[in-house]
Amino acid sequence: MLDSAIKEQLKGLFAQLDAHYTFDIFVHPRHESRAELVDLLEEVASCSEKLSCRLQESEGLKFILSLNPQLHSRSATYKRNGLLIRKTAIKSSRPFQCAYYPLTP
């Protein structure tokens, strides 16, 4: 789908990525452009180890490029009020965003 010159340009651009990103693809299983979109985004993602695709069934057709927090985050575990808590700080263009997840019921 992509010619070799464009793929080489993408590889050069993506070499500068310092985080891992995911193309979240939301598409209906019978959408007429499903195969074309999935093939294109998978081919783009193949230009860097820091890009991946995740396909999800949905109505219509759309995709979102998002930071993959599992691959680009810092976390710490501590005890508070008898509960184990994991604090995850996700690196983004804004100051670190934090999420707290209880690890024990």
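Quick note: the coordinates plus some simple rules give every number you see, no bench work behind them. Values in this document were obtained by computation on a predicted structure and should not be read as measured data.
Taking residue 50 as the anchor, which aspartates and glutamates have their alpha carbon closer than 19 Å to its alpha carbon, excluding any fewer than eight residues away along the same chain?
Correct list for residue 50: 8, 18, 24, 39, 42.
If the cut-off is 13 Å between C-alpha atoms, which aspartates and glutamates fall inside it for residue 11, apart from same-chain ones fewer than 8 positions away?
Partners within reach: 3, 43, 49.
What shape does region 4-67 take by its C-alpha gyration tensor, where a ≥ b ≥ c are the square roots of the eigenvalues and a/c under 1.5 counts as rounded, a/b above b/c as prolate, and the rest as oblate?
oblate
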